[in-house]
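S.K.: Input: one structure, supplied below.
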Amino acid sequence: MKPPYDFLNERKKEIDCVINEDIVIENRSSIPDWDTIPLEGKKWLQAESLACVYIDMVNSTKLQVNKHPKTAAKVYQLFIENMVQALQDYECEFIDIKGDGGFGIFIGTHASIKALCAAVTFKTLCYELLSTAIKDFKISAHIGIDEKQSLFKRIGLRGDWHNVVWAGKPVNMAAKLSALAEEQQIAISSRVFEKIIQPRFNKYAYLSCGCTADGVSGKSTSLWTELNVTGKGYFDFDKAYTCKSNWCKIHGNDYCEKLMKEAT
Ligand SMILES: [Zn+2]
């Protein structure tokens, strides 16, 4: 350990260096390999269109880790492993794990659509497989998605103590949207909503297939409910939209495939 004022004097030189540095921003259309994301120095990368899907476990604070450590361990393992797998299967470019959840980053013009497909698939998996897997705890998720321009680079110390930092709205807004979402719900920003109502996507992402609970085909309706979030000071948009539906057993495969194909 250094005496505190030796530490401060040493840091001051580094701080002055950063202040006097001219930051260089380089545009990217994908996330490079971990080792080649800038770590030190003045260079930052920027993605014009970056979507973040933020996934949180519902009621993780009620998990009795002290009383039932083995049950709690299984819950964490099932939730996180399946979340990572779902994100990876939908061309997610970066995954970060945050204890009882995590987030995935998608880049590109239709990043939000891929993020939505991954989110609905994980939500369906939670509902159909995980919710009843553990006897004393119902595993479920609440999810937020946002998309906007973002800067990124690795920050920290060379070696083990660094991580990619996402400077911009998407990760922050997606985390707040996931907190706004109820159990088994996806909440999206108006920016993401604008993407899903585009003609090439709306039939599969905005409207329902028309199936009812008993499998009979009915009328196709909007899957999304508008929410006014003007009163919540922390959003940089006025409207959010929420959806509770999972993939339909009859049309889910086809709808998801069409969305992913259009988004690629
Ligand atoms: Zn259907």
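The values are calculated or read from the model by the stated rules, or taken from the named source; none is laboratory data. Please read these numbers as outputs of a predicted model, since none were measured by experiment. Because the Cβ atoms are built from the backbone with ideal geometry, glycine has one as well, and the counts that use them run over all protein chains shown.
S.K.: How many residues does the range 158-171 contain that are surrounded by fewer than 19 Cβ atoms within 10 Å (Cβ to Cβ) and outside any loop (DSSP other than H, G, I, E, B)?
M.R.: Here the count works out to 6.
S.K.: Specify the residue that is surrounded by the most Cβ atoms within 10 Å (Cβ to Cβ); the eligible residues are those in the range 192-212 that are within 16 Å of the ligand (Cβ to nearest atom) and farther than 20 Å from Thr121 by Cβ.
M.R.: Out of the qualifying residues, it is Gly210.
S.K.: Looking at Lys176, is it charged (D, E, K, R), under 24 Å from Asp100 (Cβ atoms), more than 16 Å from the ligand (Cβ to nearest atom) and within 20 Å of the chain's Cα centre (by Cα)?
M.R.: yes
S.K.: Now for a separate question. Would you confirm whether or not the range 9-25 contains a residue that is under 23 Å from the mean Cα position of the chain (by Cα) and either touching a residue at least 12 places away in the same chain (Cβ under 8 Å) or assigned to a helix (DSSP H, G or I) (or both)?
M.R.: No, the range 9-25 has no match at all.
S.K.: Then there's this: Could we say that Gly210 is of a type outside the set (Asp, Glu), more than 20 Å from Gln185 (Cα to Cα) and free of Cβ contacts under 8 Å to residues at least 24 places away in the same chain here?
M.R.: No; evaluated as a whole, the condition is false for this residue.
Conditions (1) free of Cβ contacts under 8 Å to residues at least 60 places away in the same chain; (2) under 19 Å from Glu183 (Cα atoms); (3) part of a strand (DSSP E or B), marked per residue:
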{"site": "Tyr76", "(1), (2), (3)": "yes, yes, no"}
{"site": "Glu81", "(1), (2), (3)": "yes, no, no"}
{"site": "Gln88", "(1), (2), (3)": "yes, no, no"}
{"site": "Ile95", "(1), (2), (3)": "yes, no, yes"}
{"site": "Leu116", "(1), (2), (3)": "no, yes, no"}
{"site": "Val120", "(1), (2), (3)": "no, yes, no"}
{"site": "Asp136", "(1), (2), (3)": "no, yes, no"}
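S.K.: State whether the residues of the range 57-74 include one that is closer than 30 Å to Thr242 by Cβ, assigned to a strand (DSSP E or B) and modelled with pLDDT of 95 or more.
M.R.: Yes, the range 57-74 contains at least one residue that is closer than 30 Å to Thr242 by Cβ, assigned to a strand (DSSP E or B) and modelled with pLDDT of 95 or more.
S.K.: Could you run through the range 135-157 and say how many residues are over 20 Å from Ser190 (Cα atoms), of a type outside the set (D, E, K, R) and surrounded by 17 or more Cβ atoms within 10 Å (Cβ to Cβ)?
M.R.: So the answer is 5.
S.K.: Sticking with this structure for a sec: Taking the residues in the range 144-163 that are of a type in the set (A, V, I, L, M) and over 20 Å from Ser112 (Cβ atoms) as candidates, determine which candidate is modelled with the highest pLDDT.
M.R.: Ile155
S.K.: Moving to a separate point now. Exactly one of (1) under 29 Å from Lys138 (Cβ atoms); (2) within 16 Å of the ligand (Cβ to nearest atom); (3) surrounded by 12 or more Cβ atoms within 10 Å (Cβ to Cβ) is unmet by Ser189. Its number?
M.R.: Here Ser189 clears every test but (2).
S.K.: What's the total number of residues in the range 167-203 that are touching an Asp or Glu at 6+ places or on another chain (Cβ under 9 Å) and either more than 18 Å from Thr242 (Cα to Cα) or at pLDDT below 95 (or both)?
M.R.: Going through the range 167-203 one residue at a time, the tally reaches 2.
S.K.: Among the residues of the range 215-264 satisfying the criterion of being aliphatic (A, V, I, L, M) and without any contact (Cβ under 8 Å) to a residue 60 or more places away in the chain, which is farthest from the ligand (Cβ to nearest atom)?
M.R.: Val229
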